[in-house]
Amino acid sequence: MAAMWSPIIGLLLLLLPLAPSSASYIKYPLEGNVYPIGHFVVKMNIGEPLQPYSLDIDTGSNVTWLECQHPLHGCHGSPGVKRFYKPGPANLRVYCKDPFCASLHADLPGRRPPCPRKHPHECHYEIRYVDMTTQGVLVNDTISLGEGKNELIVFGCGYDQRLKNPSPTPAPAAHGLLGLGMGKVGFVAQLKAHGVITKDVIGHCLGSSRKGGGYLFIGDYDKLPSTGMTWAPLKKYGLHYSPGQATLHLDGQQIYANGMNVVFDSGATYTYVPTQIYKPLVAKLKAIIGNTLDPVRHPALPNCWMRRGTVKRPSGILTLRFDNNIVMTLLPKNYLIPVENNIACLGILNGSDVGQNHRIIIGDATMQDMLVVYDNEQGRIGWASEQCTGSATTSRL
């Protein structure tokens, strides 16, 4: 009897959908650098037919969006963007009553109404960043994940982008943003819901200097270092990746008496600290760096220095001290940015100038040559020193 049933059971097993591998992940090469480009991008093929787009990786936002030519709203694109995503009628069917729309606006309280009177069927949004504002509507379309695997993903058609301080000579612009933050509408959360990956884990390794590059992984990456990773529990701070409050120290000396919430944000080019930390920090760094480097003016950033001949790199070790004796150590390479031969600038800016008065934002400048892992499964964030510059290829396991 068992022999008769075994072929039938085998056939049924073949017809069942395959669950993702227990070590499923996707790894992408990154392009870009902190200076002069100002962001790190991943290239993805999107739409039908598939077209290549460069997306700025952003762990500080959970909405993926493309610069978009909307059939009703037109397009006000960012400077430097020359090609726009053009949705068809079938892509515009993410309606105001769609669960994704409700999830999006639960994450964006007090912003633009999701169902404006003029276009009540569309799911509208407005997102404000440190340096820009974007408006758009939710759409869905195919995104290639490599090796012939495509998925239907909900993302934003950003038809109106407004920069706060546009540069007269903008760096090469990305076509949009890959939202890697928390929330149900995030790119990784959607992949997990579709069964493409088994775990909501994200990691990036950003290359240093002008070579830049690096890699991004999504899912159950099985090549994390077995030693050398520092892990901190994620603390509830909106939808931001935050290990909680920390105090900042320079060569062991505390800069400011009170701790502040720290946010890891790969969408921020530089690191931002409030003015009450920024001013004493800059004064102390000038005293230390001035022993080996000469101050010089440069259009890139407010505080820059020129190397004297062949002197060694300046000293000055920054540390962020979190609860439970967790420490993040930042060497000069994590806060001094080479902008020209023999010239380096401070990659830490005054957050109060951009409305960030009560928190520290860890941006790309500080995360160079560092593997940073956002583990939403175990509620933790980790980091370790790693040489990130180098070639990588898209892989899916």
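Overview of values
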item	result
Cysteines in the chain lacking a second Cys C-beta under 4.7 Å	CYS75
For LEU145, residues with placed amide H under 5 Å, excluding near neighbours	ASN150, GLU151
Point-to-point label distance, LYS86-ALA102, nm (Cα→Cβ direction, 7 Å offset)	3.6
Computed lengthening from ALA257 to HIS194, 0.36 nm per intervening residue step minus Cα-Cα distance	18.0 nm
Links that overshoot a 28 Å alpha carbon limit, given the list LYS184/LYS235; LYS236/LYS286; LYS27/LYS211; LYS43/LYS164; LYS86/LYS236	LYS236/LYS286; LYS86/LYS236
The range 199-283 shape via C-alpha gyration tensor axes, a/c threshold 1.5	prolate
Burial ranking of peptide ranges 354-363, 318-327 (average Cβ count within 10 Å, highest at the top)	354-363, 318-327
Long-range amide H partners of GLY244 with built H, under 5 Å	LYS235, VAL262
Under the Karplus curve 6.51 cos²θ - 1.76 cosθ + 1.60, θ = phi - 60°, whole-Hz ³J(HN,Hα) for the range 134-149, x wherever Gly or Pro sits	10, 10, x, 10, 6, 9, 9, 6, 7, 10, 7, 9, x, 6, x, 9
Rough spin-label spacing in nm, given labels placed 7 Å along Cα→Cβ, for SER315 and LYS164	3.7
The chain - percent relative contact order, Cα under 8 Å, separation 6 or more	21
Amide H contacts under 5 Å for ARG93, placed H, 5+ residues apart	ASN140
Residue-span extension gain [GLN276 to LYS211] - 0.36 nm each, minus C-alpha spacing	20.0 nm
Cα Rg over Rh - the chain, Kirkwood	1.01
Length-normalised contact order for the range 251-397 - Cα pairs under 8 Å, 6+ apart - percent	31
Length gained when the stretch THR133-HIS76 is fully extended (0.36 nm per residue, less Cα-Cα span)	19.4 nm
Whole-number percent relative contact order across the range 122-256, with pairs defined as alpha carbons under 8 Å at least 6 apart	13
Residue-by-residue Karplus 3J(HN,Hα) for the range 250-267, coefficients 6.51, -1.76, 1.60, Hz, glycine and proline x	10, 6, x, 9, 5, 7, 9, 5, 9, x, 9, 4, 10, 10, 8, 9, 6, x
Top positive-direction residue, dipole computed over the chain with Cβ charges, set LEU239, GLY183, PRO29	LEU239
Distance in nm between pseudo-label sites at MET229 and VAL296 (7 Å out along the Cβ direction from Cα)	4.1
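No value in this document is a laboratory result; all are computed from the given coordinates. Here the structure is a predicted model, which means the values were calculated and not measured. Note that we place each Cβ from the backbone using ideal geometry, even for glycine, and neighbour counts take in every protein chain shown.
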